[in-house]
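Engineer: I'd like to ask you about the structure that follows.
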Amino acid sequence: MSEYERFQLLAEYNQWMNIKLYDVCSRLSEEELRLDRKAFFDSIYMTLNHIMYGDLAFLSRFTGNPVQVPELDQELASSFPALRVGREALDIRIIDWVSALDPIWLDEEQTYQSKVDGKIRTVPRWVLVTHMFNHQTHHRGQVTTLLSQMGLDIGSTDIPFMPQFVVA
């Protein structure tokens, strides 16, 4: 399997998981989504917001779009339905972007300044792309834990359970 195929799988996994996660979250009120649950980003809503922020920050570094990423922890949407619409569009954008990845570009190093700690880092792009997908998975796990504590289950989160791997 090539790096391209791995990243394509991770982009599809990201979209699949976000659909499942947002479907379950849509059963909750805006108030329940924004309730401080003592999580790393306080609420389910702000954790979902952070995942989207991370994706936008990485795409900004990789593509220049958006040119300017909002400040860390800034709300990207005014409501859960608006956040969901943004997430759906972003997932399609990530899939399209991955489909055009160039192996030479992936092997090159990228220097950037972190919005988290202000430090400048130089990292191979394949590492940064890998981290973008790992970051999503890590924080979605936090959301699934919060939902589980509320008695809500999104079902399997395993890659082999994706629809394209089901035979019967």
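Engineer: So, LEU59, is that one farther than 19 Å from HIS139 by Cα and either buried (at least 17 other Cβ atoms within 10 Å of the Cβ) or at pLDDT below 95 (or both) or not?
Structural biologist: no
Engineer: State all residues of the stretch 1-31 that are surrounded by fewer than 20 Cβ atoms within 10 Å (Cβ to Cβ), of a type outside the set (A, V, I, L, M) and farther than 18 Å from GLY141 by Cα; if no residue qualifies, say none.
Structural biologist: SER2, GLU3, TYR4, GLU5, ARG6, GLN8, ARG27, SER29, GLU30, GLU31, listed by residue number.
Engineer: Look at PHE58 and say whether it is of a type outside the set (Ser, Thr, Tyr) and either closer than 17 Å to ARG6 by Cα or without any contact (Cβ under 8 Å) to a residue 40 or more places away in the chain (or both).
Structural biologist: Criteria not met by PHE58.
Engineer: Shifting gears a bit: If I ask for residues that are within 30 Å of SER99 (Cβ to Cβ) and touching a helix residue (DSSP H, G or I) at 6+ places or on another chain (Cβ under 8 Å), which ones from the stretch 20-40 would you list?
Structural biologist: Those that are within 30 Å of SER99 (Cβ to Cβ) and touching a helix residue (DSSP H, G or I) at 6+ places or on another chain (Cβ under 8 Å): LEU21, TYR22, VAL24, CYS25, SER26.
Engineer: Which one of LEU106, LEU90, LEU152, LEU101 is hydrophobic (A, V, I, L, M, F, W, C) and closer than 24 Å to ASP36 by Cβ?
Structural biologist: Exactly one residue qualifies, and that residue is LEU152.
Engineer: List every residue pair whose Cβ atoms lie under 8 Å apart, where the two residues are 6 or more positions apart in sequence or sit on different chains, the first residue falls within the stretch 64-84 and is outside any helix (DSSP H, G or I), and the second residue, located anywhere, is of a type in the set (Phe, Trp, Tyr).
Structural biologist: VAL69/TYR53; PRO70/TYR53; LEU72/TYR53; ASP73/PHE41; ASP73/TYR53; GLN74/TYR53; LEU76/TYR53
Engineer: So which residues in the stretch 118-134 are closer than 21 Å to SER156 by Cβ and surrounded by 13 or more Cβ atoms within 10 Å (Cβ to Cβ), if there are any at all?
Structural biologist: If the condition is that a residue be closer than 21 Å to SER156 by Cβ and surrounded by 13 or more Cβ atoms within 10 Å (Cβ to Cβ), then PHE133 is the only one that fits.
Engineer: To continue, here is another question. For the stretch 28-46, name all the residues that are closer than 18 Å to LEU72 by Cβ and among the small types (Gly, Ala, Ser).
Structural biologist: Those that are closer than 18 Å to LEU72 by Cβ and among the small types (Gly, Ala, Ser): ALA39, SER43.
Engineer: Among the candidates SER148, SER156, single out the residue that is among the hydroxyl-bearing types (Ser, Thr, Tyr) and in a loop (DSSP other than H, G, I, E, B).
Structural biologist: The conditions single out SER156.
Engineer: Within the stretch 62-94, which residues are surrounded by fewer than 17 Cβ atoms within 10 Å (Cβ to Cβ) and basic (Lys, Arg)?
Structural biologist: ARG93
Engineer: Please enumerate the residues belonging to the stretch 1-59 that are hydroxyl-bearing (Ser, Thr, Tyr) and in a helix (DSSP H, G or I).
Structural biologist: TYR4, TYR13, TYR22, TYR45, THR47, TYR53
Engineer: Every residue in the stretch 95-112 that is more than 20 Å from the chain's Cα centre (by Cα), surrounded by 10 or more Cβ atoms within 10 Å (Cβ to Cβ) and either in contact (Cβ under 8 Å) with a residue 60 or more places away in the chain or not in a helix (DSSP H, G or I) (or both), please.
Structural biologist: Across the stretch 95-112, the qualifying residues are ASP102, PRO103, GLU108, GLU109, GLN110.
The values are calculated or read from the model by the stated rules, or taken from the named source; none is laboratory data. Remember, it's a predicted structure, so these values are computed and weren't measured experimentally. Reconstructed Cβ throughout: ideal geometry from the backbone, glycine too, with neighbour counts over all protein chains shown.
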